[in-house]
Amino acid sequence: MFDEIIGKGLYDFCEGFDSWEEAIEKSCEKLIEKDIVEENYPKQIIETVNKYGPYIVLVPGVAMPHCQENAEGVKDTAIAFMKVNKPVVFDKDDRDKDARLFFTVASVNPDKHLENIGALSEMLGDEEIIAALEEVNNLEDLLKVKEKFNI
């Protein structure tokens with residue numbers, strides 16, 4: 001999975017954001033730049049989070065921004081990675097919904113979409129991997145984690 005993320009340049013490292021909406025927009029930036037999604041994709045994710053709450057925070061510290069299958073403006077299937085130093089607060093009353101790791105998922109194929117979410121969920125169930133990813137600050141760090149965990 002990280003071979004594709006790194007190979008396509010779909011990674012970013014940020015200090016922090018004033019709002020979770022800004023974090024979502026930034027997490028989609030590389031997907032927009034690479035013409036994988038259209039500029040309306042982050043807005044759809046934000047609208048969905050506003051409607052259903054921070055369902056995209058799978059485990060404390062990890063968010064998987066995505067839209068439901070058949071989202072408008074998705075042209076290809078990909079996952080983008082973003083690490084944020086200052087935790088992004090999605091719900092000030094539930095700090096377990098803070099996130100520093102973002103895996104933004106886009107898919108034109110509903111089956112592949114569910115497959116990507118399943119694969120990410122499985123990988124992110126490993127606390128050691130999450131802890132290592134929370135420490136990355138650049139591509140070199142990310143490559144070391146990829147090699148160490150074979151992800």
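How about region 115-133: which of its residues are in a helix (DSSP H, G or I), of a type in the set (D, E, K, R) and at pLDDT 85 or above?
Those that are in a helix (DSSP H, G or I), of a type in the set (D, E, K, R) and at pLDDT 85 or above: E127, E128.
Go through (1) open to solvent by less than 40 Å² (accessible area, probe 1.4 Å); (2) under 17 Å from E4 (Cα atoms); (3) assigned to a loop (DSSP other than H, G, I, E, B) for V136 and report which single condition fails.
Result: V136 fails condition (2) only.
Could you tell me which of the residues S121, S107 is small (G, A, S) and touching a His at 6+ places or on another chain (Cβ under 7 Å)?
Every option except S107 fails the conditions.
Scan region 33-48 residue by residue and report those that are part of a helix (DSSP H, G or I) and either of a type outside the set (V, I, T) or over 24 Å from D111 (Cβ atoms) (or both). Spell out how you get there, then give the answer.
Looking only at region 33-48, we keep the residues that are part of a helix (DSSP H, G or I), and these are 33, 41-48.
Residues satisfying the conditions are E33, Y41, P42, K43, Q44, I46, E47.
Residues in region 54-75 that are open to solvent by 20 Å² or more (accessible area, probe 1.4 Å) and either in a loop (DSSP other than H, G, I, E, B) or modelled with pLDDT of 95 or more (or both): how many?
Summing the residues that are open to solvent by 20 Å² or more (accessible area, probe 1.4 Å) and either in a loop (DSSP other than H, G, I, E, B) or modelled with pLDDT of 95 or more (or both) in region 54-75 gives 9.
Please go through (1) under 21 Å from K43 (Cα atoms); (2) open to solvent by less than 40 Å² (accessible area, probe 1.4 Å); (3) not in a strand (DSSP E or B) for V105 and return the number of the only condition it doesn't satisfy.
Single failed check for V105: (3).
Going by the structure shown, is A78 touching a residue at least 24 places away in the same chain (Cβ under 8 Å), of a type in the set (G, A, S) and either closer than 19 Å to V136 by Cα or open to solvent by 10 Å² or more (accessible area, probe 1.4 Å) (or both)?
Answer is no for this residue.
Which residue out of K92, K26, K34 is open to solvent by 50 Å² or more (accessible area, probe 1.4 Å), over 14 Å from the mean Cα position of the chain (by Cα) and touching a residue at least 24 places away in the same chain (Cβ under 8 Å)?
K34
Does region 82-89 include one or more residues that are touching a residue at least 60 places away in the same chain (Cβ under 8 Å), among the aliphatic types (A, V, I, L, M), in contact with a Ser or Thr (Cβ under 7 Å, 6 or more places away or on another chain) and crowded, with 17+ Cβ neighbours inside 10 Å?
Yes, region 82-89 contains at least one residue that is touching a residue at least 60 places away in the same chain (Cβ under 8 Å), among the aliphatic types (A, V, I, L, M), in contact with a Ser or Thr (Cβ under 7 Å, 6 or more places away or on another chain) and crowded, with 17+ Cβ neighbours inside 10 Å.
Could you check region 115-133 and list, in sequence order, the residues that are open to solvent by 100 Å² or more (accessible area, probe 1.4 Å) and in contact (Cβ under 8 Å) with a residue 12 or more places away in the chain?
As a first pass, look at region 115-133 and keep what is open to solvent by 100 Å² or more (accessible area, probe 1.4 Å): 115, 122, 127-128.
E128, the sole residue that qualifies.
Looking for whichever is assigned to a helix (DSSP H, G or I), basic (K, R), under 18 Å from K34 (Cβ atoms) and more than 15 Å from the chain's Cα centre (by Cα) here; the options are K112, K148. Which one fits? Write out each step before concluding.
Details: K148 fails: under 18 Å from K34 (Cβ atoms).
On inspection, the qualifying residue turns out to be K112.
The values are calculated or read from the model by the stated rules, or taken from the named source; none is laboratory data. On a predicted model such as this, the values are computed, not experimentally measured, just so you know. Positions of Cβ are backbone-derived with ideal geometry, glycine not excepted, and every protein chain shown enters the neighbour counts. To get the accessible areas, we keep the full protein, side chains included, count just its heavy atoms, and leave off ligands, DNA and RNA. Shrake-Rupley method; radii C 1.70, N 1.55, O 1.52, S 1.80 Å.
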